[in-house]
Amino acid sequence: MRPPVRHALVVLATLAALVLAWQLRAVLLTFVLSLAVAATFRPTIAGLMRRRAPLPVALALAYGAALLLIVALVGLAAGPIVREAQEVLRGATDLYDRLHAEWPLGTTAQQTLVQLLPPSHVLYDALEAQASMIATTLLGFATGVVNVVVEVGIVLILSIYWSLDQGHFERLWLALLPIRVRQRARHLWRGLEGSVGAVIRVQVVLSALAGVLLAVGYVALGLGRPAALATAGALLRLIPWLGPVLAVAAPFLANVGDMPRALAGVAYTAGVLYALDRLVRSWLLGGRRTSGLLGLLTVIVMGQAAGIVGLVIAPAVAAGIGVLLDYLRQPAPAADEQGLARVTELRRRLEAVREGLAAAPEGASPQVVSLIDRLDGLIQKASECCAPQLGDLRQPAP
């Protein structure tokens, strides 16, 4: 096939693959997320297996402990958040009633503003009239939450499958590559797994620590709605660049009526997030950090492509891109001289066996000829693994 035709076919195949990937982006996202979750649990499972735990037991312990911790944190935060939300609603209605009771007797500006606000009974009647719409909205929100839970369950089940069958999965996709690049591809894959899994683990651990520390600090400072603010800070910390800024501003906006406590909450939040990012994060990652420019570009692209979800997974994507760039900067390995000598010696011995069988009066049996041909193919594969230039060691059989 001529080079221009071959290049055109490659371009068309690439475009077709990109179009297919875009059409199946939801399925591909679930697949990639399951691989990322499996990579996140890989070190924990490997550590349990080094302590003589069977693979199914290690999987059950790792995933079970993580799920129990998540359920415990959600259970501890749900009750206070619901109570704080009820207090906010009661406070809003009381404030609205107080405005209508006091502002008509206040300043001119207050009297003008209160005339623009509908009376309390009119507002409550309007809300009751919209009860069906509000119920529909809440039902849609609940349905969305259920869908998210189902998607998370699918991702967890797939990640357990990848963890159970990691070796077979690697052999399956590595078999699609030429033999001489399989070793580097395996190293690249495991580097991506390790880097992405480490970033996800660190992000989850730091957010959990942030939520606990912020909740304790907010209660000690006497801030209003500490559980909701701590939960918001833990979740906002997952969003690079913008999230920490919003987390720092949240206690100020929620307690603007009490300025000293609001400023204390801002200072405490900033200190906790800074310490977690600069000290704990560096310690957990061993000092490795992604390039700031690469991280910023990844955040912009992922935010435009996938919204909030893209912003949350942007650090893991940036870490994977960093590993890929490091891999591409590494020179291709040179020919293995020791492997070259061994392959040459095996080739010489095989040719000696061929000559001996050819000189034998009775000749070689079909079974022996088949075994020699298989050995010849294995030696050729070993030659390709050592270095591409060893391919000329293959000689035609006499």
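Assess whether Arg180 counts as being in contact (Cβ under 8 Å) with a residue 60 or more places away in the chain, more than 25 Å from the chain's Cα centre (by Cα), part of a helix (DSSP H, G or I) and farther than 25 Å from Val299 by Cα. If you could, list the steps in order and put the result at the bottom.
Working: in contact (Cβ under 8 Å) with a residue 60 or more places away in the chain: yes; more than 25 Å from the chain's Cα centre (by Cα): yes; part of a helix (DSSP H, G or I): yes; farther than 25 Å from Val299 by Cα: yes.
So Arg180 fits the description; yes.
In the set Leu328, Leu263, Leu229, Leu253, which member is on the phi < 0 side of the Ramachandran plot and open to solvent by less than 70 Å² (accessible area, probe 1.4 Å)? Talk me through it step by step, then tell me what you get.
On the way: Leu328 fails: open to solvent by less than 70 Å² (accessible area, probe 1.4 Å); Leu263 fails: open to solvent by less than 70 Å² (accessible area, probe 1.4 Å); Leu253 fails: open to solvent by less than 70 Å² (accessible area, probe 1.4 Å).
Every option except Leu229 fails the conditions.
Can you pull out the helices (runs of 4 or more DSSP H) entirely within the range 3-116 that have at least 2 residues that are under 26 Å from Ala227 (Cβ atoms) and within 35 Å of the chain's Cα centre (by Cα)?
Values: elements: 3-23, 25-50, 55-102, 108-116.
In the range 3-116, 55-102 are the helices (runs of 4 or more DSSP H) which contain 2 or more residues that are under 26 Å from Ala227 (Cβ atoms) and within 35 Å of the chain's Cα centre (by Cα).
Scanning the range 183-220 for residues that are more than 22 Å from the chain's Cα centre (by Cα) and open to solvent by less than 60 Å² (accessible area, probe 1.4 Å) turns up Arg184, Leu214, Ala215, Gly217, Tyr218.
Against the test of being open to solvent by 50 Å² or more (accessible area, probe 1.4 Å) and small (Gly, Ala, Ser), the options Ala46, Ala16, Ala77 yield a single qualifying residue, Ala16.
One line per residue, one yes/no per condition, for (1) over 20 Å from Val309 (Cα atoms); (2) of a type in the set (Phe, Trp, Tyr); (3) at pLDDT below 90; (4) in contact with a Phe, Trp or Tyr (Cβ under 6 Å, 6 or more places away or on another chain):
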{"position": "Ala234", "(1), (2), (3), (4)": "no, no, no, no"}
{"position": "Val245", "(1), (2), (3), (4)": "no, no, no, no"}
{"position": "Ala249", "(1), (2), (3), (4)": "yes, no, no, no"}
{"position": "Arg261", "(1), (2), (3), (4)": "yes, no, yes, no"}
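The values are calculated or read from the model by the stated rules, or taken from the named source; none is laboratory data. Quick caveat: nothing in here was measured; it's all calculated off a predicted structure. Counting neighbours? That spans all protein chains shown, and the Cβs are built from the backbone with ideal geometry, glycine included. Surface accessibility is based on the protein's heavy atoms, side chains included, excluding ligands, DNA and RNA. Shrake-Rupley method; radii C 1.70, N 1.55, O 1.52, S 1.80 Å.
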